[in-house]
Every structure is written in structure tokens, then in C-alpha cells.
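Take a look at the structure below.
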Amino acid sequence: MITSEDPLPRRYTPADLGVLTCDERRRFAPGAGADPRADITLAWELLYRLEPDLYDRLVSAERLHPAVLGWLPRDAGRIVEVGAGAGRLTLELVGRGREVIAIEPAASLRQILARKLAAADRGNRARVIPGFFDDLPVASGSADLVVACSVLTPAAGHGGEAGLAEMERVCRPGGCVAIIWPNHLGWLAAQGYEYVSFPGPMSAEFASPAEAVELARIFYPRAVGEVRRRGQRRVPFDVLGINPPRDLAFKQVPG
């Protein structure tokens, strides 16, 4: 039984893997010994599918640095977002291109994103479709900007070299592939990606002090005591113990 006290690595067990489709199981939980209690990336995949609203509450608090959004082009033709999730970036992309294709493997997150686009009257500017990093359902060379936010890792199931190659395949010559709030900067640098970071203090902005404590218990358990002591809905990222969403890695696809 899941409770609000459970940190993410203890929320799920192998019994929860049945929520994954065959394609998802092959990518995220191969082999007989897959266990979300020992594999944090697998725990995240289960979170997306079992508790998508909880994930949406988290990313709604982790707002991107305004300069990251300002860096993105404003006049692209087609934008492809990979791993769109609940739409932390997607709604910012709509209006920057004539078309946005938001690719997300988890059906539960696609539903949340579709509702948000409809509520914002942006549903006619974006298509939300299923797909995986290693098999993007988009034609080669068809996008001016291909972007992923806080989802790409070197692991094969979560991008890896095959995922980067797919993103670059989809991008037109002279276009840009951007990895926002990247992990594993050395790996991206070795793949030819440049790095940009923007200065200034940043805080997560929760809906209330109570929500800050609740979500800290799950996602930042080492910080929960300090979050509770402060009693504020705004919590600096350094208190949470994570790098702020202030940076990106990018690569211009050769023309």
C-alpha cells in the first residue's frame, strides 16, 4: 500500500510492473529481476503511469529559468518535443512554431497534457502522440527544433546514444537539438553538445507549505526536515539538494 510517507524508491514493487506495456517493459524493465526498489529510473516510469497527477504536481513546482525559455527560438516551423510528460515545456513551445509534436510514451501523461492544451485553447497547435526515444514517429529532417527536458540519460531505455541519434535524425540540417536541464554533461559534451547555464537564485514553487513538505517526503527525503522548518511554499533548489533547471545543452545539426 502506497502512503504519502513513502519516498519514491519505496513506493512501488515488482508487482506494479504489470502497468507497463510490452514495449515499455522491454525498454524500462528487461529481464526477470527488474525491481523499482533497486532501480530509481524504473520507479520514475511507474510514477508516470500509476500516479501521473502526483508527478504533475512536482513538475508544476519545478519551473524552468526564464532565460532557458528565452533562449529557445520563437519562429520555428516544426518543433518536436521528446518525453513531453505532463507538459512542463510543451505549453511554452506552442506559439514558437507553426506546429508542435509532443511525443510521450506514458498514456496517462499524454492524457494530462492533452487536457492542458485543450484548456489553454492550444490543442490545434500541438499534436500529442506516443513514441520512444529510440523510435521517434517523425520523418527524418522534418523539424527545426528537437528538444527534451529533464528526461534524457545515457541509459538505453531513457535515450542513450540511440536516442540522441534519433533526435538528430529528425532535425533538419541547420536545425537545433536542445537538451534542457540536462544530466551527464560529460557524456553530452563527448557527443558534440555545447553547454549554456543562466545565473540567479531559483526556488521550487509549491502550491502551499503543506504541499512542499508532502512532496519533499517523496522526492527530496533528505530535505524534508529543513522544508518543514522553513514552512514556506517557495523552497530554494539548494535546500532540496538538486541543481536548478537553469541550463541546457545544444547541438546544431550540420547543414
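The values are calculated or read from the model by the stated rules, or taken from the named source; none is laboratory data. Keep in mind that this is a model prediction, so the values were computed, not measured. With ideal geometry, Cβ positions are generated from the backbone for all residues, glycine too; neighbour counts draw on all protein chains shown. Keep in mind that these areas ignore ligands, DNA and RNA; they rest on the heavy atoms of the full protein, side chains included. Shrake-Rupley method; radii C 1.70, N 1.55, O 1.52, S 1.80 Å.
For the reader, a short list of remarks on this structure follows.
- Dipole check for the range 40-82: with +1 at the C-beta of Lys and Arg, -1 at the C-beta of Asp and Glu, and the Cα centre as origin, the magnitude is about 160 Debye.
- Cut-off under 5 Å, modelled amide H: who pairs with residue 81 long-range: 101, 102, 103, 147
- Paramagnetic reach from residue 191 (point 7 Å along Cα→Cβ, amide N under 17 Å) across the range 60-90: 80-84
- For the range 2-59 and the range 139-208, distance of Cα centres in Å: 23
- Distance histogram in 10 Å bins (all Cα pairs of the range 22-100, percent per bin): 15, 36, 28, 17, 3
- Taking each residue as 0.36 nm, the span from residue 35 to residue 208 lengthens on full extension beyond its C-alpha to C-alpha distance by 59.0 nm.
- Along the axis of the charge dipole computed for the chain (Cβ charges of +1 for Lys and Arg, -1 for Asp and Glu, origin at the Cα centre), the listed residues 180, 215, 13 are led at the positive end by 215.
- For the chain, the extents of the C-alpha atoms along the principal axes are 52, 45, 40 Å, listed from largest to smallest.
- Amide H contacts of residue 29 (H built 1.01 Å from N, in plane; Pro and chain starts excluded): no residue 5 or more places away or on another chain comes under 5 Å.
- Other-chain or far-sequence residues with amide H under 5 Å of residue 141's (modelled H): 170, 171
- When the chain is described by a simple charge dipole with +1 on each Lys and Arg Cβ and -1 on each Asp and Glu Cβ, the residue from 163, 191, 152 located farthest towards its positive end is 152.
- Looking at the chain, the DSSP beta bridges with both ends there are about 40 percent antiparallel.
- Cα centroid of the range 89-134 to Cα centroid of the range 227-255, whole Å: 23
- Kirkwood Rh, Cα atoms: Rg over Rh of the range 68-198: 0.94
- Per residue, the range 1-116 exposes an accessible area of 44 Å² to a 1.4 Å probe, with every protein chain left in place.
- Its Cα centre serving as origin, the chain has a Cβ charge dipole (Lys and Arg +1, Asp and Glu -1) of approximately 540 debye.
- Solvent exposure, largest accessible area first (probe 1.4 Å, DNA, RNA and ligands not counted), of 68, 19: 19, 68
- Helix-only mean residue ellipticity at 222 nm for the chain, each DSSP H run of n ≥ 4 adding -39500 (n - 2.57), per residue, nearest 500: -9500 deg cm²/dmol
- Computed in the context of the full set of protein chains, the accessible area of the range 21-171 at 1.4 Å probe radius has 50% of its extent on carbon or sulfur.
- Taking all protein chains together and a 1.4 Å probe, the residues 195, 220, 48 rank 195, 48, 220 from largest to smallest accessible area.
- Loop-located trypsin sites (Lys or Arg not before Pro) across the range 60-107 with a Cβ neighbour count of 14 or fewer within 10 Å are 74, with loop assigned by DSSP.
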